[in-house]
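This report refers to the structure that appears directly beneath it.
The values are calculated or read from the model by the stated rules, or taken from the named source; none is laboratory data. Predicted model, so just to flag it, every value in this text is computed and none were measured. Backbone-built Cβ (ideal geometry, glycine too); neighbour counts: all protein chains shown. Only protein heavy atoms, including side chains, enter the accessible area calculation; ligands, DNA and RNA are left aside. Shrake-Rupley method; radii C 1.70, N 1.55, O 1.52, S 1.80 Å.
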Amino acid sequence: MDPLQAIRIGLDAARIGFEAQSVIAMRLAGIAGLWNVPENENLRMIQEKPLAVLEAGHAALNALLSGHSPDRALSASMARIGQHTQANMERLSQRGPGWL
(Lines give C-alpha, C1' and ligand atoms only; values in the text may rest on other atoms or scores of the structure.)
Protein backbone atom coordinates (compact mmCIF):
# COMPACT_ATOMS: atom_id res chain seq x y z
CA MET A 1 0.00 0.00 0.00
CA ASP A 2 1.15 3.49 -0.86
CA PRO A 3 1.96 5.19 2.47
CA LEU A 4 -0.05 8.25 1.51
CA GLN A 5 -3.09 6.23 0.43
CA ALA A 6 -4.48 6.14 3.97
CA ILE A 7 -4.25 9.92 4.15
CA ARG A 8 -5.96 10.27 0.76
CA ILE A 9 -8.76 7.95 1.86
CA GLY A 10 -9.21 9.92 5.07
CA LEU A 11 -9.31 13.25 3.25
CA ASP A 12 -11.79 11.86 0.70
CA ALA A 13 -13.99 10.57 3.52
CA ALA A 14 -13.88 13.96 5.24
CA ARG A 15 -14.82 15.77 2.01
CA ILE A 16 -17.67 13.36 1.31
CA GLY A 17 -18.89 13.73 4.89
CA PHE A 18 -18.83 17.52 4.68
CA GLU A 19 -20.66 17.51 1.35
CA ALA A 20 -23.24 14.99 2.56
CA GLN A 21 -23.95 17.01 5.71
CA SER A 22 -24.27 20.19 3.65
CA VAL A 23 -26.75 18.50 1.32
CA ILE A 24 -28.74 17.17 4.28
CA ALA A 25 -28.82 20.65 5.83
CA MET A 26 -30.04 22.27 2.59
CA ARG A 27 -32.67 19.57 2.09
CA LEU A 28 -33.94 19.93 5.65
CA ALA A 29 -34.02 23.70 5.23
CA GLY A 30 -35.95 23.11 2.01
CA ILE A 31 -38.51 20.97 3.82
CA ALA A 32 -38.91 23.82 6.32
CA GLY A 33 -39.30 26.33 3.50
CA LEU A 34 -36.02 28.08 4.24
CA TRP A 35 -34.09 26.95 1.14
CA ASN A 36 -35.18 26.79 -2.49
CA VAL A 37 -35.28 23.15 -3.53
CA PRO A 38 -36.93 21.53 -6.54
CA GLU A 39 -40.38 20.10 -6.00
CA ASN A 40 -39.11 16.58 -6.56
CA GLU A 41 -36.20 16.87 -4.07
CA ASN A 42 -37.81 14.65 -1.43
CA LEU A 43 -38.30 11.87 -3.98
CA ARG A 44 -34.85 12.43 -5.43
CA MET A 45 -33.10 12.02 -2.09
CA ILE A 46 -34.68 8.58 -1.72
CA GLN A 47 -34.19 7.43 -5.30
CA GLU A 48 -30.51 8.41 -5.58
CA LYS A 49 -29.21 6.19 -2.79
CA PRO A 50 -29.55 2.74 -4.42
CA LEU A 51 -27.97 3.97 -7.65
CA ALA A 52 -25.04 5.57 -5.80
CA VAL A 53 -24.43 2.38 -3.80
CA LEU A 54 -24.56 0.23 -6.93
CA GLU A 55 -22.15 2.52 -8.76
CA ALA A 56 -19.74 2.53 -5.81
CA GLY A 57 -19.87 -1.26 -5.53
CA HIS A 58 -19.33 -1.62 -9.26
CA ALA A 59 -16.30 0.69 -9.13
CA ALA A 60 -14.80 -1.28 -6.25
CA LEU A 61 -15.44 -4.62 -7.94
CA ASN A 62 -13.90 -3.40 -11.20
CA ALA A 63 -10.82 -2.23 -9.32
CA LEU A 64 -10.45 -5.58 -7.56
CA LEU A 65 -11.01 -7.58 -10.74
CA SER A 66 -8.38 -5.42 -12.44
CA GLY A 67 -5.85 -6.53 -9.85
CA HIS A 68 -5.81 -3.40 -7.71
CA SER A 69 -5.36 -3.54 -3.97
CA PRO A 70 -8.28 -3.22 -1.52
CA ASP A 71 -7.30 0.35 -0.67
CA ARG A 72 -7.50 1.27 -4.37
CA ALA A 73 -10.90 -0.43 -4.57
CA LEU A 74 -12.06 1.63 -1.59
CA SER A 75 -10.79 4.79 -3.25
CA ALA A 76 -12.62 3.91 -6.47
CA SER A 77 -15.90 3.38 -4.63
CA MET A 78 -15.47 6.57 -2.64
CA ALA A 79 -14.79 8.49 -5.85
CA ARG A 80 -18.22 7.45 -7.17
CA ILE A 81 -19.96 8.42 -3.92
CA GLY A 82 -18.03 11.69 -3.92
CA GLN A 83 -19.25 12.52 -7.41
CA HIS A 84 -22.83 12.24 -6.17
CA THR A 85 -22.29 14.28 -3.00
CA GLN A 86 -20.39 16.98 -4.89
CA ALA A 87 -23.05 17.22 -7.61
CA ASN A 88 -25.84 17.48 -5.03
CA MET A 89 -24.00 20.14 -3.03
CA GLU A 90 -23.26 22.23 -6.12
CA ARG A 91 -26.82 21.89 -7.42
CA LEU A 92 -28.52 22.78 -4.14
CA SER A 93 -26.09 25.50 -3.04
CA GLN A 94 -26.83 27.47 -6.22
CA ARG A 95 -30.52 27.67 -5.36
CA GLY A 96 -30.18 29.86 -2.26
CA PRO A 97 -32.43 30.74 0.65
CA GLY A 98 -36.16 30.26 0.28
CA TRP A 99 -37.18 33.61 1.73
CA LEU A 100 -35.65 35.71 -1.02
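Residues in the chain average 64 Å² of solvent-accessible surface per residue, probe 1.4 Å, ligands and nucleic acids excluded. If you model the chain as an ellipsoid using its alpha carbon gyration tensor, with each semi-axis the square root of five times an eigenvalue, the axes come out at 32, 15, 8 Å, biggest first.
Under a 5 Å amide H cut-off, with hydrogens placed 1.01 Å from N, Trp35 pairs with Gly30, Gly98 among residues at least 5 apart or on other chains.
Each Cα pair under 8 Å and six or more residues apart adds its separation to the average, and for the chain the resulting relative contact order is 42 percent. Each Lys and Arg Cβ is given +1 and each Asp and Glu Cβ -1; about its Cα centre, the chain then shows a dipole of about 80 debye. Taking the 1.4 Å solvent-accessible surface of the chain as the whole, the part contributed by carbon and sulfur is 66%.
Listed values for the stretch 38-47 are Karplus-derived 3J(HN,Hα) couplings in whole Hz (6.51 cos²θ - 1.76 cosθ + 1.60, θ = phi - 60°), namely x, 4, 8, 5, 4, 5, 4, 5, 8, 6, and x replaces Gly and Pro. The distance from the alpha carbon centre of the stretch 78-98 to that of the stretch 1-67 is 9 Å, rounded to a whole number. The distance between label points at Leu64 and Gln94 comes to 3.7 nm (points 7 Å beyond Cα on the Cα→Cβ vector).
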